[in-house]
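The values are calculated or read from the model by the stated rules, or taken from the named source; none is laboratory data. Fair warning: this is a prediction, and the values are worked out from it, not measured in the lab. Here Cβ is always computed from backbone atoms with ideal geometry, including for glycine, and neighbour counts include all displayed protein chains. SASA here: full protein model, heavy atoms, side chains in, ligands and nucleic acids out. Shrake-Rupley method; radii C 1.70, N 1.55, O 1.52, S 1.80 Å.
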Amino acid sequence: MAKKYLRMTLNERVQHLNLFINFTILVITGFALSFPQAFWVSPITDVPAGMTMRGFLHRLCGVATIVLGGYHVLYCGFTKRGRGILKDMIPVVQDATDLWETLKNNLFINRPPKELRMPRFNLREKLEYLGL
């Protein structure tokens with residue numbers, strides 16, 4: 001029987017959703033400042049005090065992201081599950097092997113065995129997490 005993992009607890013899902021929302025707002029409000037002539041920026045700039053609200057929202061989401069990052073560091077440092085997640089996020093040699101097998105499969109060089117099992121987090125997820 002394959003080992004099963006609880007992918008994310010409610011706490012981790014709330015952290016993930018919070019990060020998704022704040023990051024998306026940061027991207028939209030940041031690009032609105034960098035590219036004010038873009039067609040999609042006009043709904044932001046055409047309302048009274050639109051760019052002022054854009055700046056406030058951008059700063060607010062920046063602070064929320066920093067607070068969330070601090071909370072996540074505490075969560076990973078002081079909970080058993082958080083330490084387990086950190087341990088599982090460390091890249092290992094098997095990740096390189098899995099990457100190679102996946103690339104060969106994607107390029108139709110070979111087909112994987114009937115059931116290719118990946119660890120809890122694959123290399124792409126580990127690198128994305130560490131990059132963030």
Next on the checklist: Tell me the label only: which of [x] 34, 19, 12; [y] 38, 22, 11; [z] 28, 26, 12 is semi-axes √(5λ) of the Cα gyration tensor in Å as calculated from this structure?
Outcome noted: [y]
Checklist entry - Using a simple spin-label model with points 7 Å from Cα along the Cα→Cβ vector, what separation in nm is obtained for Arg117 and Glu12? => result 1.9
Item to check | Efficiency of FRET from Cβ geometry, Lys3 and Glu101, R₀ 22 Å, rounded to 0.05 | outcome: 0.65
Item to check | the stretch 117-127 - phi-based ³J(HN,Hα) in whole Hz, Karplus 6.51/-1.76/1.60, Gly and Pro as x | outcome: 9, 9, x, 3, 10, 7, 4, 4, 5, 5, 5
Checklist entry - Taking R0 as 22 Å, what's the FRET efficiency between Phe56 and Ile28 from their Cβ-Cβ distance, rounded to 0.05? => result 0.95
Next on the checklist: If I compute solvent accessible area with a 1.4 Å probe over the protein chains, what percent of it on the chain is carbon and sulfur?
Outcome noted: 71
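What does the accessible area per residue of the chain come to in Å², with a 1.4 Å probe and no ligands, DNA or RNA counted?
Working: 10130 Å² over 132 residues.
Spelled out: the 1.4 Å probe surface of the chain, per residue, equals 77 Å².
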